[in-house]
Amino acid sequence: MTAPRLLVGTDALAGQLPALLRQQGRNRILLVAGGHFLRSPAGTELQHVLEGVINTIRETPEGLLQVDVAHRDAAALPEGIDGIIAIGGGRTIDYAKALLYYSTARTDFFAAVPTTAGSGSDATSFAVIYEGLQKHSLEHPALLPGVVVWDETLLQGLSARQRAVSGLDALVQCVESLWSRKATPASRALAWEAGGWLRRHLPRFVAAPTSELGLGALYAAHYSGRAINTSRTTGAHALSYYLTAVHGIEHGHAVALLLPVFLQYNAEAQEPDGFAAVLQLLDAGSGAGAGAAARWQEYVSGLGLETTLSGLGLGADIVPDWLLHINNERFANNPVALEPERLAALLRQTLFTS
C-alpha cells in the first residue's frame, strides 16, 4: 500500500490543497461534500478559493448510500474531470469512491478530507454501499485517496456523542485488525499504534477536545483504516450493518455494542496471539471472555453511550432475523468460524436483559 501525501494543519484545506491543485494544473475538480460543510464558513471559503477550479459539486445523499443512486449520479458527471475532493465523514468519502468506481471517467487525483475521526475511509481502497438494506463492498486500487488532508478545526462542530461514536469505530477496527485471519505483522503494528492512542486518549477527546487531541484522533483513525485495508474487519462489523440498516443505530455505536459479544466468542481462537494482543490493547489483563466484555462495556458507558440493545428499546426477538443478515464476507475473516447457535446465545446474554 502506497502511503498518501499528507497535508496537515489549519491551512491545509484552504491553503495547501489549492496550492497543490495549481501546481499540478488541476482545474476541473469534482467536489463531493455533505450539505452542512458546503454551507459552512469553511465550505464557503473553500468554494471561493477554488472558484474556477471546481467544475462540479455533488452533495452527499441522505441515508444509506444506494447502488442505483451512485450509478445515476456517476453517469451524470461531466466529461473531463481531472480530480476529486471528498470532504466529510466516512459516508461522504465512500460516496465519492462510488462515483469514481461507477464513472467511465478516471482521474489520478483523489483527495480525502475527513471531518470526523473514525471511519478510516481516507486510508482504504474500498467503500460501503447498499442495495436496499443489503450491504455491498466496492473495491479498487483507484479508490485509495492519494492525498489526505488533516485539518483539526473541521472537527470542532462535532458533538461529544459524534466524537465518541467515531472514535469507537476506529478503535474497534484496530481490535478486529489485530485478530483478523488476514492480519499481517505490518497491519497489526498499525492497529496496535492507533488503537493504543485511542484507548488512552479517546475519553479526553470526547470530554474536552483540544487541537492536539483532534489531530491525534485524525491520525489514529487514518492508521486504523490503513490496518483494515490489509486485514479487513471481522465478526463485529459483519453483524453491525443490520443494526444500522434496519434499526438506525450509528455504525460506530453498533460495532462498539457488538465487540463484547466477540470478546467472548473469539476467546477460543486457535491462533491465540491476536486475541492476546487485543486483551493487552484494551487493558483487560487476562480477563478473557466475560471479564473483558464487562471491561469494554464500562469503557463505552464512560463515553456516554448505551451498552445494550435493550437500553435502546430493542428486544431479543430480533436475533433470528439478525442472523439471516450476517455479512459473510466480513465474518470469513473472524478468528472463530460462524456457529449460529453459540453466537445467538451470546447476543442474547450480552446485549439483552432477561
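The values are calculated or read from the model by the stated rules, or taken from the named source; none is laboratory data. Only a predicted model underlies this, so the values are computations on that prediction, with no experimental measurement involved. Note: ideal-geometry Cβ built from the backbone for every residue, glycine included; neighbour counts use all protein chains shown. For the accessible areas, the whole protein counts, side chains as well, though only heavy atoms, and no ligand, DNA or RNA atoms are used. Shrake-Rupley method; radii C 1.70, N 1.55, O 1.52, S 1.80 Å.
Roughly to the nearest percent, how much of the accessible area of the stretch 160-352 is carbon and sulfur, given a 1.4 Å probe? List each step's numbers first, then the result.
On the way: 3730 of 7260 Å².
C and S fraction of accessible area: 51 percent.
Run lengths n ≥ 4 of DSSP H only: what is the helix-derived mean residue ellipticity at 222 nm for the chain, with -39500 (n - 2.57) per run over all residues, to the nearest 500?
Counting only the DSSP helices, I get -15500 deg cm²/dmol.
How much of the pair distance distribution for the chain lies past 26 Å, counting alpha-carbon pairs only, in percent?
Roughly 47 percent, rounded to a whole number.
Would you mind estimating how fast the stretch 160-352 diffuses translationally, via Stokes-Einstein at 20 °C and 1.002 mPa s with the Kirkwood radius over Cα pairs, in µm²/s? Present the calculation step by step, with values, prior to reporting the outcome.
Working: Rh = 16.3 Å.
The diffusion coefficient I find is 131 µm²/s.
What is the spread of the Cα atoms of the stretch 86-129 along each of their three principal axes, largest first, in whole Å?
For the stretch 86-129, the Cα spread along each principal axis is 31, 21, 14 Å.
Under the rule of at least 5 residues apart or a separate chain, name every residue whose amide H is placed under 5 Å from the amide H of Thr60.
Excluding prolines and chain starts, which carry no amide H, the hits are Ala33, Gly34, Gly35.
How compact and how long is the stretch 5-155, expressed as Rg and Dmax of its alpha-carbon atoms in Å?
So, for the stretch 5-155, Rg and Dmax equal 14.1, 43 Å respectively.
Taking every DSSP beta bridge that has both residues in the stretch 5-155, what percent is antiparallel when rounded to the nearest 5?
Just about 20 percent of them are antiparallel.
Grab every C-alpha pair in the stretch 76-213, bin the distances at 5 angstrom width from 0 up to the longest one, and report whole percents.
In whole percents, the pair-distance histogram is 2, 10, 17, 19, 20, 16, 10, 5, 2, 0.
Along the stretch 163-172, what does the Karplus equation 6.51 cos²θ - 1.76 cosθ + 1.60 (θ = phi - 60°) give for ³J(HN,Hα), rounded to whole Hz, x for Gly and Pro?
Each residue of the stretch 163-172 in turn: 5, 5, 5, 5, x, 5, 4, 5, 5, 5 Hz.
What are the ³J(HN,Hα) couplings of the stretch 94-102, residue after residue, when phi is run through the Karplus curve with 6.51, -1.76, 1.60 and θ = phi - 60°? Round to Hz, x for glycine and proline.
5, 5, 4, 5, 5, 4, 5, 5, 8
Which percentage, to the nearest 5, of the DSSP beta bridges contained in the chain is antiparallel?
20 percent
Per residue, how large is the accessible surface of the chain? Use a 1.4 angstrom probe and give square angstrom.
Numbers: 14270 Å² over 354 residues.
It amounts to 40 Å² per residue over the chain.
Between Phe110 and residues 5 or more places away or on another chain, which pairs have amide H atoms under 5 Å apart, with H built 1.01 Å from N, and which residues are they?
Ile84, Gly146, Val147
Once you charge only the Cβ atoms, +1 for Lys and Arg and -1 for Asp and Glu, what is the size of the charge dipole of the chain about its Cα centre, to the nearest 20 debye?
Working: 25 positive and 32 negative charges, 75 e Å.
Result for the chain is approximately 360 debye, rounded to the nearest 20.
Once neighbouring chains are kept in place and the probe is 1.4 Å, which whole percent of the accessible area of the stretch 13-109 is contributed by carbon and sulfur?
Details: 2220 of 4420 Å².
The value for the stretch 13-109 is 50 percent carbon and sulfur by accessible area.
Would you mind calculating the relative contact order of the chain from Cα pairs under 8 angstrom and at least 6 residues apart, reporting the percent as a whole number?
On the way: 658 pairs, mean separation 52.5, N = 354.
Dividing the mean separation by the residue count of the chain yields 15 percent.
Among bridges DSSP assigns within the stretch 111-233, what percent are antiparallel (round to 5)?
Antiparallel: roughly 75 percent of the beta bridges in the stretch 111-233.
Non-local amide H neighbours of Tyr130 (under 5 Å, H modeled in plane, Pro and chain starts lacking H): which ones?
Correct list: Leu65, Gln66, Val67, His136.
May I ask you to evaluate 6.51 cos²θ - 1.76 cosθ + 1.60, the Karplus curve with θ = phi - 60°, for each residue of the stretch 321-327 and list the ³J(HN,Hα) values in order in whole Hz, giving x for glycine and proline?
Calculated HN-Hα couplings, in order: 5, 4, 5, 7, 10, 6, 7 Hz.
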